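Read through the structure below, which is laid out as C-alpha cells, and then see the notes.
Please treat every number below as a calculation from the coordinates, not as lab data. As the structure is a prediction and not an experimental result, all values here were calculated from the model. In this analysis, Cβ positions are derived from the backbone assuming ideal geometry, glycine residues included, and neighbour counts consider all displayed protein chains.
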Amino acid sequence: MTDTTKKLSGPAKDRFFKTLLADDEGIDEATAGRLSARAASIVTSLRARQSGLAALERRSARRRTAGPKPAAAEPVPETVAAPMSAPTPPASAVQPAIEAAAMPSSTPRPDDSEAPFDPFLFGLVPVYKREGADGLIVKLAEVGSADHLRAMAKSQQIVLPRELRTGPIDLVQLRLAILEAVEKRVSDRSASL
Amino acid sequence: MGYFLAVANRKGGVGKSTVSVMLAHAFAVWGGKRVLLIDLDAQSNSSLILIGNANWIEAQKKSVNIAAYIEDKNYTAKPMRDYVLRNVSDLEMEGGKLPGIDLLPGSLRFEDMQDELISFYSRNNTPFRQAKSRCAGHFRQALEVASPLAEIIILDCAPGISTATAAALKLADMVVVPFRPDSVSEFAVDKIAEIIEGKLRKDEVMEIEPAKRRYRCLANYVRPVGADRIMIETIAADHPTLATQLPMQPELANAFFWSEERQTLAEKYGVAADTMGRLYTELAQSLTL
C-alpha cells in the first residue's frame with residue numbers, strides 16, 4: 001500500500017479536496033467549495049492512491065487548457081503530485097480507514113435512485129473479513145445517506161452507540177462508527193474461542 | 001476401500017441427518033455407488049428416514065444397531081455386516097432396481113453406551129481425558145472396519161462432540177458441515193473446524209489453505225432474504241463453503257417421510273431434486289473418490 005499511496009495533510013490536503021470536488025461535473029462551484037471546506041475541516045490527513053491522483057491531475061490540467069468551470073479549475077497542488085515519503089501505515093486498521101472514510105463516493109449513491117435501499121447491499125462483516133478495514137470503508141463510501149447506513153448496520157446486527165442511531169450526523173463519523181462496531185463484533189467472535 | 005464422509009456440526013437442528021440421507025440417495029442413485037450409512041446419532045433420525053419407524057423398532061428388538069455392534073467388541077468387517085441392514089430406503093431406480101444403500105441403524109442406547117465405555121476406560125484411576133481419548137480410539141477402530149463394506153461410508157454424527165463423533169471426525173476423509181445461516185452458526189462452524197483440523201485455535205485453522213481443509217460447509221434451510229445471504233458470506237469468508245445452498249423448501253422437507261411404497265428419486269424429492277443434483281455434482285467433484 002505504501003508504494004502506491006500518498007499521504008496528504010495541511011494545505012495539500014485542502015487543495016486536494018477542492019480539486020477533487022471541482023472535478024465532479026455534477027457538483028456546482030459553490031457546493032464544491034462548501035463541501036471541500038467541510039471535508040478539510042474534519043479530516044486531518046488522508047492517504048490517496050497515486051494512480052487516482054495522477055488521473056485527477058491530468059483531468060484538471062485538461063480543464064485548465066480547455067477553460068471550463070474556471071472556479072473549480074484550481075491546479076492540483078505541486079505537493080499532491082510530488083513524491084512523498086509516506087510513513088508506514090499504522091498497525092491499527094482504523095487510522096487508514098479514517099483517511100479513506102473521507103474519500104467522497106465515486107459511484108452513484110443509492111439514495112440518488114428511486115429504488116428502495118437494500119440494507120443487505122453488501123455484507124459488512126464479510127467485506128471486512130475479505131478486504132479489511134480499508135475495503136469496508138471504501139464500500140461504505142458508496143452509501144451516501146445516514147439513514148441507509150444506519151439501516152444497513154441495524155439489519156446486519158451491527159449495533160451502533162446509542163447517540164449515533166438517530167439524528168443528524170456526519171457521514172464520515174457514522175462510517176467509522178460502523179467500522180468500529182464491525183471490528184468489535186469480529187474480535188468478540190474470536191475472543192469467544 | 002471405502003471413502004468416509006462424515007456429516008457433522010456440534011450445533012443441533014442444522015440438518016445433519018437429512019443431508020446424510022440426501023447424500024446417501026444421491027451417491028447410490030446418480031453415482032451408482034454402494035453406500036453404507038452409519039447412524040451415530042442416538043436420536044436415529046436418518047435411520048427413521050431410511051427404514052421407517054416400524055422397521056427401526058424391529059431392528060432394535062433384534063439388536064441390529066450401532067450400540068449392539070459396539071458392545072459386541074468384535075471389530076472386523078464380517079461381524080459388522082451382521083449389524084447392517086442391506087438395500088434399505090424407500091427409493092427405487094429405473095426398472096425397479098434398488099439403490100445400493102445399507103444402514104447400520106442408530107440406537108437410543110448409544111449415548112449411555114458411550115458413557116459406559118468411558119467409565120470402563122476410566123477404571124484404575126485413569127485420568128478422564130485419557131479415558132475419553134481411548135474411548136474415541138475404540139470407536140475409530142470399530143468404525144474403520146466398515147471400509148470394505150461400501151464405496152461411500154456416510155457417518156451421520158450426533159450434535160455435540162461425543163467420543164463417537166470425535167472418532168468419526170478423525171476417521172473421515174471429508175466432513176460436510178451443514179449450518180443454518182443464523183447468528184450462532186458462525187461460532188459452531190469455527191469450533192467444529194478446529195476439531196476436524198485438530199487445531200486449538202481458529203487462526204491455526206485459517207493458516208490451512210481452504211481447498212486443503214478436510215471439511216466443506218453447506219448452507220441449509222436458506223431463506224431468500226438478505227440476512228441469510230450475508231451470514232453465509234460471513235462463514236464463507238473464513239471456511240470452504242459449497243456454492244450449492246439448500247433452500248427452506250417444503251418439497252425437501254416432505255422427502256424425508258418414509259413411505260411403504262417405493263418411489264423414484266424424482267418422485268420423492270419433486271422440484272427439490274434439482275438442488276440435490278447440484279449438491280451431488282459439486283460435492284462429487286470436490287471429493288477424491
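What residue among B:Ser44, B:Ser183, B:Ser162 shows peak mean-square fluctuation when chain B is described by a Gaussian network model with Cα springs under 10 Å?
Looking only at B:Ser44, B:Ser183, B:Ser162, the biggest GNM fluctuation is shown by B:Ser183.
Rounded, prolate or oblate: which fits the stretch B:131-187 when a ≥ b ≥ c are the square roots of the eigenvalues of the alpha-carbon gyration tensor, with rounded for a/c under 1.5 and prolate only if a/b beats b/c?
Taking the square roots of the gyration eigenvalues as a ≥ b ≥ c, the stretch B:131-187 is oblate.
Taking only Cα atoms and a 10 Å spring cutoff, compute GNM fluctuations for chain B and point out the largest among B:Ile161, B:Ile196, B:Ile230.
Highest fluctuation among the options: B:Ile230.
Which aspartates and glutamates have a Cα lying under 15 Å from the Cα of B:Lys16, excluding residues fewer than 8 positions away in the same chain?
Excluding near neighbours in sequence, the set is B:Asp39, B:Asp41, B:Asp156.
As an exercise, identify the trypsin sites (Lys or Arg not before Pro) in the stretch B:193-289 lying in DSSP coil whose Cβ has no more than 13 other Cβ atoms within 10 Å.
B:Arg201
Given the options B:Ser185, B:Ser122, B:Ser20, state which has the largest fluctuation in a GNM of chain B using a 10 Å cut-off (strictly under) for Cα springs.
Maximum among the listed residues: B:Ser122.
Return a whole-number percent for the relative contact order of the stretch A:122-193, with Cα pairs under 8 Å and 6 or more residues apart as the contact set.
36 percent
Tell me the GluC sites (Glu not before Pro) within the stretch B:191-250 that lie in a loop according to DSSP and have at most 14 other beta-carbon atoms within 10 Å.
Here the sparse-neighbourhood loop sites are B:Glu207.
Relative contact order of chain B, please, whole-number percent, based on alpha carbon pairs below 8 angstrom and at least 6 residues apart.
Once divided by the residue count of chain B, the mean separation gives 27 percent.
So which trypsin sites (Lys or Arg not before Pro) in the stretch A:124-193 are both in a DSSP loop and have at most 15 other Cβ atoms within 10 Å of their Cβ?
Answer by residue number: A:Arg165.
Mind jotting down the distance between the C-alpha centroids of the stretch A:124-193 and the stretch B:227-272, whole Å?
Using only Cα atoms, the two centres lie 32 Å from each other.
Assuming R0 = 56 Å, what is the FRET efficiency of B:Leu287 and A:Thr4, from their Cβ-Cβ distance, to the nearest 0.05?
Computed FRET efficiency for B:Leu287 and A:Thr4: 0.85.
Could you give the Stokes-Einstein D for the stretch B:28-134 in µm² per second, using the C-alpha Kirkwood radius, 4 °C, 1.567 mPa s? Before the final figure, lay out each step's value.
Numbers: Rh = 15.2 Å.
Estimated via Stokes-Einstein, D reaches 85 µm²/s.
What's the extension gain from B:Arg223 to B:Glu94 if we count 0.36 nm per residue and subtract their Cα-Cα distance? Walk me through the intermediate numbers first.
Numbers: separation 129, 0.36 × 129 = 46.44 nm, distance 3.32 nm.
Length gained between B:Arg223 and B:Glu94: 43.1 nm.
With 10 angstrom as the radius, rank B:Asp238, B:Asp156, B:Asp90, B:Asp115 by how many other C-beta atoms surround their C-beta, starting from the fewest. Please list the in-between numbers first.
Details: B:Asp238 20, B:Asp156 32, B:Asp90 16, B:Asp115 12.
In increasing order of surrounding Cβ atoms, one gets B:Asp115, B:Asp90, B:Asp238, B:Asp156.
Can you pull the percent of Cα pairs in the stretch B:220-289 with separation above 13 Å? Before the final figure, lay out the partial values.
Values: 1705 of 2415 pairs.
So the portion of pairs separated by more than 13 Å is 71 percent.
For B:Cys217, B:Cys157, what's the fewest-to-most ordering of other Cβ within 10 Å of each Cβ?
Fewest to most other Cβ atoms nearby, the residues stand as B:Cys217, B:Cys157.
Evaluate the charge dipole of the stretch B:128-202 about its Cα centre and quote only its size in Debye, nearest 20, assuming +1 on the Cβ of each Lys and Arg and -1 on the Cβ of each Asp and Glu.
460 debye
In deg cm²/dmol, rounded to 500, what helix-only [θ] at 222 nm does chain B give when every DSSP H run of at least 4 residues adds -39500 (n - 2.57) and the total is split over its residues?
It comes out at -14500 deg cm²/dmol, rounded to the nearest 500.
Taking the convex hull of the alpha carbon atoms in chain B, what volume per residue do you get, in Å³?
Looking at chain B, the number lands at 120 Å³ per residue.
Rounded to the nearest 5, what is the percent of antiparallel bridges among the DSSP beta bridges in chain B?
5 percent
How large, in Å, is the stretch B:166-289 by the Kirkwood hydrodynamic radius built from its alpha-carbon pairs?
15.8 Å
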